[in-house]
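> Sharing a structure with you now.
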Amino acid sequence: MTPPLHAYMQRFSSSLAEHAVAVMPAARKDWARAMRAELASLDEGIERVRWSFGCLRAAYSERVRNFAGLDRLVVRIFIALLSLNEAHGLLWSAKLAWAYRTNPNWAARYLSSESIQVFAAIPTLLIGLSAISATLYAAAAAYLVCHRRNAVPYYAAAVGTELVSLMGFSWVSVSVDSWSLRSEVSHYGVWFGYTVLALMIANHFRHRQFPPSRGPT
Amino acid sequence: MTRLPNRSTQTLRLLAELLGSPSAWQHGYELSKATGLKSGTLYPILMRLADQGLLTSKWKESDHPGVPPRHVYRLTPDGLAYARNQAESEPAALGARVSRANS
């Protein structure tokens with residue numbers, strides 16, 4: 001490894017570990033410092049980066065577990081409903097994209113001439129990924145209501161799969177706009193819901209155990 | 001179905017490693033290398049075991065100047081009893097490693 005790259009990886013891994021210390025809830029802060037302290041004994045750049053990503057994962061897991069808002073069933077149901085809405089939109093998109101190939105006349109009822117051009121370019125793999133993502137969102141919603149901790153990996157996988165399936169294509173939003181059941185009110189209602197959720201999370205990070213205490217103990 | 005606590009393969013591997021040298025204080029990186037667990041998996045398990053009173057930790061100053069202190073871990077008496085109990089009930093996962101470590 002070239003010296004500049006090595007130095008860059010050293011700095012990058014240190015920044016990640018610092019971020020992990022900042023994210024970790026106050027009660028667990030010492031553990032994040034412990035993970036950060038191990039970095040000093042790692043010489044190899046790539047090993048340091050791997051270690052720091054692990055620190056980050058542990059810190060965010062703890063942060064999610066300590067998200068007090070999720071203790072309330074009504075909040076979990078609210079987030080689950082948003083997730084199911086997302087799952088429904090993705091499933092509808094996948095169904096429409098598949099129907100475009102197998103039954104174009106049916107699909108044409110929901111698609112404008114511009115949309116049809118988008119749908120013509122969608123690879124089959126993306127349709128499958130969209131359906132998988134929808135299933136993962138639904139599983140996450142169910143787990144969130146029943147067991148809040150177990151929902152996290154499903155959400156992570158769902159968001160990841162959705163991002164991959166959307167890469168380079170805005171076909172999901174095109175198809176969701178064609179969803180006949182979706183009125184303007186429900187559309188804005190969903191965005192209002194996402195905004196409330198984002199504000200709750202921002203509030204959690206802003207006021208609960210932040211800013212982090214400084215320095216090693 | 002609710003999972004039993006401390007019965008995951010990763011936890012059993014960690015318990016086996018700690019049980020292998022019960023009086024020694026071990027670093028996180030050392031445990032990671034010995035068990036093959038990545039830091040993102042290892043530390044949540046360590047935290048959980050510490051919460052349950054099965055693991056104790058402390059900061060240890062380095063012998064080398066300029067190197068920051070490191071966190072070290074070992075099983076508590078309760079943790080040792082628990083790990084030994086697990087070794088008896090889970091011989092394939094845990095007992096084999098312990099006997100290898102003791103031989």
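> What ranking of A:HIS6, B:HIS71, B:HIS27 comes out by heavy-atom accessible area, probe 1.4 Å, highest first?
A:HIS6, B:HIS27, B:HIS71
> I'd like the per residue volume of the convex hull spanned by the Cα atoms of the stretch A:40-93, given in cubic angstrom.
Numbers: hull volume 4.8 nm³, N = 54.
Once divided by residue count, the hull of the stretch A:40-93 is 89 Å³.
> Another one. Roughly how much of B:ASP78 is accessible, in Å² to the nearest 10, using a 1.4 Å probe?
Roll a 1.4 Å probe over it and B:ASP78 shows about 110 Å².
> Check cross-link reach from B:LYS38 to the lysines: straight Cα distance under 25 Å, and skip same-chain residues fewer than eight apart.
A:LYS29, B:LYS58, B:LYS60
> Further, regarding this structure: Name the trypsin sites (Lys or Arg not before Pro) in the stretch A:71-132 that are in a loop by DSSP and that have at most 16 other C-beta atoms within 10 Å, would you?
A:ARG72, A:ARG109
> I need the calculated FRET efficiency for the pair B:TRP59 and A:VAL145, taking r as the beta carbon distance and R₀ as 56 Å, to the nearest 0.05. Before the final figure, lay out the partial values.
Details: r = 41 Å, r/R0 = 0.73.
After rounding, the FRET efficiency stands at 0.85.
> Can you list which of the GluC sites (Glu not before Pro) found in the stretch A:10-94 are DSSP loop residues with at most 14 other C-beta atoms within 10 Å?
Details: sites: A:GLU18, A:GLU38, A:GLU44, A:GLU47, A:GLU62, A:GLU86; in loops: A:GLU44.
Taking the stretch A:10-94 and a limit of 14 other Cβ atoms within 10 Å, the loop GluC sites (Glu not before Pro) found are A:GLU44.
> Can you pull the one-decimal nm distance between simple spin-label points at B:SER21 and A:ILE116, each 7 Å off the Cα toward Cβ?
7.2
The values are calculated or read from the model by the stated rules, or taken from the named source; none is laboratory data. The shown structure was predicted, so the numbers you read here are calculated from the model rather than taken from an experiment. Backbone-built Cβ (ideal geometry, glycine too); neighbour counts: all protein chains shown. Heads up: the accessible areas ignore ligands, DNA and RNA and are worked out on the full protein's heavy atoms, side chains in. Shrake-Rupley method; radii C 1.70, N 1.55, O 1.52, S 1.80 Å.
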